[in-house]
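Notes to accompany the following structure.
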Amino acid sequence: MNNNIEYQKWKKIMLKEYGKNSMEFKCNKDKILFYSTYNVCLNEYYYYKCKCPICNNYICYFCSFNGNDMFKKCCIKISFYKSFFYYGPTSINEPIEKSALFMLIPGLNIFVIVIYFFVLFYPLEEK
């Protein structure tokens, strides 16, 4: 695609229309490429996913997963990005719980850390 002149022209038009920080998605079902704005991709409910304009399914930015369930976790990259760049800044403002003090006890702390990262990557509550 980098050598395709028509694709390069289309890409320049899309970057002008959606902005320099827009994101390119690929729908494998419909075999199309489309762009979305960065702010749409950072939506709290479907982080780094966007709706295909033809089939109206949600497409993952990282693995191009095509599905109609916006809450489906399709790849580890999307869990990683949401954990650190969405849940991370919001959890800084929360007070430290007393259960977090178990992380200071030697031997027990490894289990608490593993559980903490499991909850961070795979939150139990979905909206």
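The values are calculated or read from the model by the stated rules, or taken from the named source; none is laboratory data. Note that the coordinates shown come from a computational prediction; the quantities given were computed from them, not determined experimentally. Methodologically, a virtual Cβ is constructed for each residue, glycine included, from the backbone with ideal geometry; neighbour enumeration extends over all protein chains shown.
Name, by its number, the condition in (1) closer than 30 Å to TYR122 by Cβ; (2) without any contact (Cβ under 8 Å) to a residue 24 or more places away in the chain that does not hold for PHE25.
Against the list (1) closer than 30 Å to TYR122 by Cβ; (2) without any contact (Cβ under 8 Å) to a residue 24 or more places away in the chain, PHE25 comes up short only on (2).
Within segment 53-64, how many residues are crowded, with 19+ Cβ neighbours inside 10 Å and within 14 Å of LYS29 (Cα to Cα)? Talk me through it step by step, then tell me what you get.
Taking segment 53-64 and keeping what is crowded, with 19+ Cβ neighbours inside 10 Å, we get 58-61.
Within this subset, residues satisfying the condition of being within 14 Å of LYS29 (Cα to Cα) are 58-60.
Qualifying residue count for the region: 3.
Look at CYS55 and say whether it is modelled with pLDDT of 75 or more, part of a loop (DSSP other than H, G, I, E, B), at negative phi and under 14 Å from the mean Cα position of the chain (by Cα).
Here the answer is no, as CYS55 does not meet what is asked.
Report the residue count in segment 28-44 for those that are in contact (Cβ under 8 Å) with a residue 24 or more places away in the chain and of a type in the set (S, T, N, Q).
1
When the residues of segment 34-52 are filtered to those that are of a type in the set (S, T, N, Q) and at pLDDT 75 or above, which remaining residue is surrounded by the most Cβ atoms within 10 Å (Cβ to Cβ)?
In this case the residue turns out to be SER36.
Between TYR81, TYR46, TYR7, TYR35, which is under 11 Å from the mean Cα position of the chain (by Cα) and either assigned to a loop (DSSP other than H, G, I, E, B) or farther than 22 Å from PHE121 by Cα (or both)? Let's see the steps before the verdict.
Working: TYR81 fails: either assigned to a loop (DSSP other than H, G, I, E, B) or farther than 22 Å from PHE121 by Cα (or both); TYR7 fails: under 11 Å from the mean Cα position of the chain (by Cα); TYR35 fails: under 11 Å from the mean Cα position of the chain (by Cα).
Exactly one residue qualifies, and that residue is TYR46.
Do any residues in segment 66-82 that are within 15 Å of LYS29 (Cβ to Cβ) and at pLDDT 75 or above have Cβ atoms under 6 Å from those of residues that are among the aliphatic types (A, V, I, L, M) and not in a helix (DSSP H, G or I), where the two are at least six apart or on different chains, and which pairs are they?
Final answer for the pair search is ASN66/ILE59.
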